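As C-alpha cells, the structure follows; a few thoughts come after it.
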Amino acid sequence: MSGPLQGLKVVDAATLFAGPLTATYLGDFGADVVKIEHPRRPDAARGHGQVKDGHGLWWKTLGRNKRTVTLDLGHPAGAATLRRLLADADVLVENFRPGTLERWGLGPDVLLADNPRLVIARVTAFGQTGPYAGRPGFGSLAEAMSGFAAVTGQPDGPPTLPPFGLADGIAALATAYAVMAALRHRDATGEGQVVDMAIVEPILMMLGAPLTAYQQLGYVQPRTGNRSVNNAPRNVYRTGDGHWVAVSTSSQSIAERVLRLVGRPDLVEQPWFATGGQRAEHADELDEAVGGWIAERDRDEVLAAFEEAQAAVAPVYDVRGILEDPQYQALGTVLTVDDEDLGPLVMQNVLFRLSATPGEVRWAGRAPGADTDQVLAEAGLSEEEIARLRAEGAV
C-alpha cells in the first residue's frame, strides 16, 4: 500500500452508504480498510443500483480498497473476535442504532479500554442522543429534515429529494474529516475518542445561512427551481440543437459579461443590475434575454462564445458526456480498474490530487469474506480458531 494514510488500520463495520463511504475515502489514500459484514446478511449496498452477473456495480466503487471479512458481531465469539481486530486498529466506523454495540459488549468504554488510541466513528441518522436517536433513518430523511427538500424543486411543485444519496455522501466527507481531526489529537496526546456523526447535520451546513436569515429577518427561502435567490441570470437553458447548458453569474463581472454577450448591455446599465439579489428580482427579464439568445444557437457555438467572453457556462451532461469531456480526461477523474469479477471496470477516481502522496484505487469491491482467513490470521487467530468460529456461525 502507498499514500499518506499508509499504516493506518481502519475497521469498517458500517452498512449502506455514509459509514462505508467514509472508509472508502480513507482507503483511497492508503489506509488498510477491513470491511466487516454479517456472514449471512452482507451489506445491503451490494444490491443497490444496477447489477451485472450477480455483482453490484455501486458496490465495486464503495467497496474498493477494502479487505472483506464476515463476522457476526451479535455472536459472543464474533464480538470477541472484533475486539481482537481492534486491539491494534486506529479507526472503527460503525452505524448501528445507538445501544446496539453496547448490547453486544462492544461499547466505546470497552473498546477504548482495550485500545485507548482507537477513534470510533459512530454514523447514524440522528446521532447518539436526543428523542430521535433510536429511530431508523436514512439519508432521505436528512434531506427532508435539513430543509434541502423544501428549497429544491419548481415553485409550483412539491419538495424534491435527490435521486441519489446526497446526505449520505456529504456525511461521509464530514466523517472522514472528523476522523482525521480525531487522529491528529490522538497522535499528539495518545488519546482516542468517539466521533458522533448525525447524518441530518452536515447537509444542513451546506445550505448556507437559513437559520441565521430566519432568526434575523424571519426569512424562509422558497423553492425557485433552477434559479437562485442570490443572483441572476442563473438557470439551465435549451440550445437550438436540443441540448441544455447551465449559466451562473455569482459574480458581478460575470453577469455583466453574459448580458453584453447576448446583446443586452442596456440591462447592465439598470440600477437594479448592480447586485445579485436585485438581479434575482428581475430573473424573468434576464432569463428571457439569455435564454432567447441561447435558443437560437447550437450548443458548441454557445459554449465557444461564452468561453471567448470569459463567462461561466457548462453543458448539462448525462454519463456519456462525462466520459467524453476533455477536462475530466485531463484531470484523470474517470479511472479504469482491472476487476477480478468483471474485467476492466470504469469508476470515479480518488477525490483529489496530492502532489507528493497521491491516492490510489488498488482494487474494486470484493466478494463477502474474501479476506476473512488472512485478516483473522493477522490478528493472531490460528487456523483451528478460525475453523471453530466458522463452525459456530460466528464467521
Query raised in the report: Remind me, relative contact order of the chain in percent, using alpha carbon pairs under 8 angstrom and six or more residues apart?
Result: 19
Query raised in the report: Can you give the angle from 0 to 90° between the axis of helix 18-28 and the longest principal axis of the chain, with both taken from C-alpha atoms, to the nearest 10?
Result: 90
**Report entry** In the chain, lysine pairs with alpha-carbon atoms under 18 angstrom apart (chain gap of 8 or more, or interchain)
**Finding:** 5
Report summary line: The set of residues whose placed amide H lies less than 5 Å from the amide H of Trp363, leaving out same-chain residues fewer than 5 positions away, is Asn65
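How many percent of the accessible area of segment 170-290 is carbon or sulfur, using a 1.4 Å probe? Intermediate values should be presented prior to the final figure.
Details: 3400 of 6520 Å².
Within segment 170-290, the accessible surface is 52 percent carbon and sulfur.
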Requested in this report: Starting from the amide H of Lys35, placed 1.01 Å from N in the peptide plane, find each other amide H under 5 Å away whose residue is 5 or more places distant or on another chain.
Outcome: Asp12, Arg67, Thr68, Val69
Report task. Taking the Cα atoms of segment 2-138, report the difference between the largest and smallest coordinate on each principal axis, in whole Å and largest first. Result -> 42, 37, 28
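Find the relative contact order for segment 234-316 and round it to a whole percent, using C-alpha pairs within less than 8 Å whose residues are 6+ positions apart. Provide the component values of the computation, followed by the final result.
Details: 112 pairs, mean separation 37.7, N = 83.
Once divided by the residue count of segment 234-316, the mean separation gives 45 percent.
Grab the DSSP H runs of the chain that are 4 residues or longer, score each as -39,500 (n - 2.57), total them, divide by all residues and round the 222 nm result to the nearest 500 deg cm²/dmol. Show your work: numbers first, answer last.
Details: 19 runs with 160 residues, N = 395.
After summing the helix terms and dividing by the residues of the chain, the value is -11000 deg cm²/dmol.
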Report summary line: Largest fluctuation, Ala44, Ala79, Ala178 only, Gaussian network model of the chain with Cα springs under 10 angstrom, belongs to Ala44
Report summary line: Going residue by residue through segment 320-334, the Karplus relation 6.51 cos²θ - 1.76 cosθ + 1.60 with θ = phi - 60° gives ³J(HN,Hα) values, rounded to whole Hz and with x marking Gly or Pro, of 5, x, 4, 5, 9, 5, x, 5, 4, 5, 5, 6, x, 5, 9
Query raised in the report: Each residue of segment 94-109 in turn: what ³J(HN,Hα) in whole Hz from Karplus with 6.51, -1.76, 1.60 and θ = phi - 60°, glycine and Pro shown as x?
Result: 9, 9, 5, 4, x, x, 5, 4, 4, 5, 8, x, 10, x, x, 4
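Take Trp363, Trp244 and sort them by solvent-accessible surface of the protein heavy atoms, 1.4 Å probe, largest at the top. If you can, show how the numbers build up before the last one.
On the way: Trp363 55, Trp244 105 Å².
Order by accessible area, largest first: Trp244, Trp363.
For the chain, what is the accessible area per residue in Å² when the probe is 1.4 Å? Please list the in-between numbers first.
Values: 19700 Å² over 395 residues.
With all protein chains present, the chain gives 50 Å² per residue.
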Report summary line: log10 I(q)/I(0) for segment 234-316, Debye formula on C-alpha points only (no solvent), q = 0.12, 0.20, 0.24, 0.27 Å⁻¹, two decimals, reads -0.29, -0.83, -1.19, -1.47
Report summary line: Amide H proximity to Leu345 below 5 Å, modelled H, separation 5+ or other chain, gives Val337, Asp338, Asp339
Query raised in the report: Hey, how much of the P(r) for segment 138-233 falls beyond 19 Å, as a percent of Cα pairs?
Result: 53
Requested in this report: Would you compute, for the Cα atoms of the chain, the largest minus smallest coordinate along each principal axis and list the three values in descending order, in whole Å?
Outcome: 82, 50, 40
**Report entry** Under Karplus coefficients 6.51, -1.76 and 1.60, residue-wise ³J(HN,Hα) of segment 294-302 in Hz, glycine/proline x
**Finding:** 5, 5, 8, 10, 6, 4, 4, 5, 4
Query raised in the report: Relative to the longest principal axis of the chain, what angle (0 to 90°, nearest 10) does the C-alpha long axis of helix 252-261 take?
Result: 50
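The values are calculated or read from the model by the stated rules, or taken from the named source; none is laboratory data. Since we're looking at a predicted model, the values are computed, not measured. Accessible surface is based on the protein model in full, side chains and every heavy atom, while ligands, DNA and RNA are left aside. Shrake-Rupley method; radii C 1.70, N 1.55, O 1.52, S 1.80 Å.
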